[in-house]
Amino acid sequence: MNDLQTPFSQATAVVRPDWIDNNGHMNVGYYHVVFDIAAEPFFEWLGLTRAFRVEHGSSTFALESHLNFMREVKEGDPLRFEARLLDFDHKRIHFYQEMFHATEGYLAATYESLSVHVDMAQRRTAPMPEVLSARLAQVMKAHASLPRPWQIGHVISAHPKR
């Protein structure tokens, strides 16, 4: 838990054949799937391990997410992900991920998400245990040095600001 990667970069994936749509690239729905797959090692690194969840009877649920498509990826393309903690409070975790083509290096998509800490017995939001808050504070301090991506808080509009 002392490894404060800035940004976190241990997640990888490969675009599966069943993720491909009629346009010959990864279908929009699978971007959410692969970002969720990539978020799991990030959340474990943050301290939200299976053991933590069992011990504290808690988990996290997604509240909101924003996805930006930058370049397409196709069947068999290797992917790598970077993740950073943007902010947190006693119940919420705000994080951001980038998906890169692993061999060509281009940014393919970005994902901003807000999760909430949940008491699984009640299935209601609940304050997170101090041990998790302390870990998030450590990570937040390290990740605060990263530049803020333009996508954060981006508003969808047919008439973007210029």
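The values are calculated or read from the model by the stated rules, or taken from the named source; none is laboratory data. Remember, predicted model here, so these are calculated numbers, not experimental data. Every residue, glycine among them, receives a Cβ derived from its backbone with ideal geometry; neighbour counts consider all protein chains shown.
Suppose the filter is in contact with a Ser or Thr (Cβ under 6 Å, 6 or more places away or on another chain), modelled with pLDDT of 95 or more and either surrounded by fewer than 16 Cβ atoms within 10 Å (Cβ to Cβ) or among the β-branched types (Val, Ile, Thr) (or both); does VAL116 pass it?
Yes.
When you go through THR60, THR49 one by one, which is the residue that is buried (at least 16 other Cβ atoms within 10 Å of the Cβ) and not small (Gly, Ala, Ser)?
The unique qualifying residue is THR60.
Check GLU75, GLU40, GLU64 and return the single one that is over 14 Å from the mean Cα position of the chain (by Cα), acidic (Asp, Glu) and over 17 Å from MET140 (Cβ atoms).
Among GLU75, GLU40, GLU64, only GLU75 is over 14 Å from the mean Cα position of the chain (by Cα), acidic (Asp, Glu) and over 17 Å from MET140 (Cβ atoms).
Checking GLY76 against (1) surrounded by 15 or more Cβ atoms within 10 Å (Cβ to Cβ); (2) on the phi > 0 side of the Ramachandran plot, which test does it fail?
All conditions are met except number (1).
Mind telling me which of the residues MET1, MET99 ends up being modelled with pLDDT under 95 and either closer than 21 Å to ARG123 by Cβ or aliphatic (A, V, I, L, M) (or both)?
MET1 is the lone residue from the list that is modelled with pLDDT under 95 and either closer than 21 Å to ARG123 by Cβ or aliphatic (A, V, I, L, M) (or both).
From the list GLU40, GLU82, GLU64, exactly one residue is in contact with a Pro (Cβ under 8 Å, 6 or more places away or on another chain) and among the acidic types (Asp, Glu). Which is it?
Result of the check over GLU40, GLU82, GLU64: GLU82.
Yes or no: segment 8-18 includes at least one residue that is assigned to a loop (DSSP other than H, G, I, E, B), more than 21 Å from GLU130 (Cα to Cα) and modelled with pLDDT of 95 or more.
There is at least one residue in segment 8-18 that is assigned to a loop (DSSP other than H, G, I, E, B), more than 21 Å from GLU130 (Cα to Cα) and modelled with pLDDT of 95 or more.
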